[in-house]
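These notes concern the structure reproduced below.
The values are calculated or read from the model by the stated rules, or taken from the named source; none is laboratory data. Just so it is clear, the model here is predicted, and its values are computed rather than measured. Note that each Cβ is placed from the backbone with ideal geometry, even for glycine, and that neighbours are counted across all protein chains shown. Ligands, DNA and RNA are stripped out before the accessible areas are found, and what is left, the full protein with its side chains, is counted by its heavy atoms. Shrake-Rupley method; radii C 1.70, N 1.55, O 1.52, S 1.80 Å.
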Amino acid sequence: NDTDLRRLGRIHSVAEARQAFDIARKTFDRVSFDLIYARQDQTLDSWRDELREALSMAIDHLSLYQLTVETGTAFGDRYARGKLRGLPEDDLAADMYEVTQEICAQAGMLPYEVSNYAALGSESRHNQIYWRYGDYAGIGPGAHARVTMNGQRHAIESYKNPSLWLEKVEAGNGESVRDVVSLDDQATEFMLMGLRLSEGVDLRRYETLARRPIAGRRLNTLRDLGMITQDGMQLRVLPKGRMVLNAVLAELLVE
């Protein structure tokens, strides 16, 4: 939708995006693309049509993100000035999420992560490293990394400005931040990332990092509400809980 692409600040057109996707599909074995829904003036029917069209394009992976307005971003500033009208109410946004699940399921695209859908065996191997809280290197301006060295996990950030980053790299180091991540912070990050996955998290790993278990009463409350399920030490968020994942995480991570 060219109008919405412009609203989102994208510099490409629909025709250019389709051309790029066709090139990718002919060149690579595995392809994916992203869509954003719950946009300005978007209706439930228009999102249904858009998603079905996307699924007809012979793909095996889709990332489907619900538009969120964050403070400190261009959209956040625009929203604060009253210039981001027509965003859906919460109930309509929730309906769009549910329709997304239904249509993708009908097409055999499983929601293996909150915003990612794939045919069986086509899950993103790259992104699963993040969600499973593995080590990864970030290379380039603005890149982030989590790397374990000498038994300690480090959070690394690179300079965002490309020219400054290149200047620093040529001088020997493009990192703007390198901090040791505490065990408590690791425990929190592990849950924030891992509970996005349909496979969930191993509570034993959380307890090792946090050096304490999650309070049983909190698990029982969320289980009674139909938000989570637990198989031994494997904790998973159910579809009902995925819609309010931040609230579920807040309940689990309170000491």
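What the table shows:
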item: Tyr79 being over 14 Å from Tyr117 (Cα atoms), out of contact with any Ser or Thr (no Cβ under 6 Å at 6 or more places or on another chain) and surrounded by 17 or more Cβ atoms within 10 Å (Cβ to Cβ); result: no
item: Checking Glu70 against (1) surrounded by 12 or more Cβ atoms within 10 Å (Cβ to Cβ); (2) touching a helix residue (DSSP H, G or I) at 6+ places or on another chain (Cβ under 7 Å); (3) without any contact (Cβ under 8 Å) to a residue 40 or more places away in the chain, the condition it does not meet; result: (1)
item: Residue count, the stretch 82-109 (criterion: among the acidic types (Asp, Glu) and open to solvent by 90 Å² or more (accessible area, probe 1.4 Å)); result: 4
item: Index of the failed condition, Ala119 passing every other in (1) small (Gly, Ala, Ser); (2) touching a residue at least 40 places away in the same chain (Cβ under 8 Å); (3) surrounded by 15 or more Cβ atoms within 10 Å (Cβ to Cβ); result: (3)
item: In the stretch 22-61, the residues that are surrounded by 14 or more Cβ atoms within 10 Å (Cβ to Cβ), of a type outside the set (Gly, Ala, Ser) and not in a helix (DSSP H, G or I); result: Val31, Phe33, Leu35, Ile36, Tyr37, Arg39, Gln40, Gln42, Ile59, Asp60, His61
item: Positions within the stretch 203-219 being open to solvent by less than 60 Å² (accessible area, probe 1.4 Å) and over 28 Å from Ala118 (Cα atoms), in sequence order; result: Leu209, Ala210, Ile214, Ala215, Gly216, Arg218, Leu219
item: Test: residue in the stretch 182-202 that is open to solvent by 70 Å² or more (accessible area, probe 1.4 Å), modelled with pLDDT of 95 or more and over 22 Å from Glu123 (Cα atoms); result: yes
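Here is a yes/no grid of residues against (1) of a type in the set (S, T, N, Q); (2) touching a residue at least 24 places away in the same chain (Cβ under 8 Å):
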| site | (1), (2) |
| --- | --- |
| Asn173 | yes, no |
| Val177 | no, no |
| Asp185 | no, no |
| Leu195 | no, yes |
| Gly200 | no, yes |
| Ala210 | no, yes |
| Pro213 | no, no |
| Arg217 | no, no |
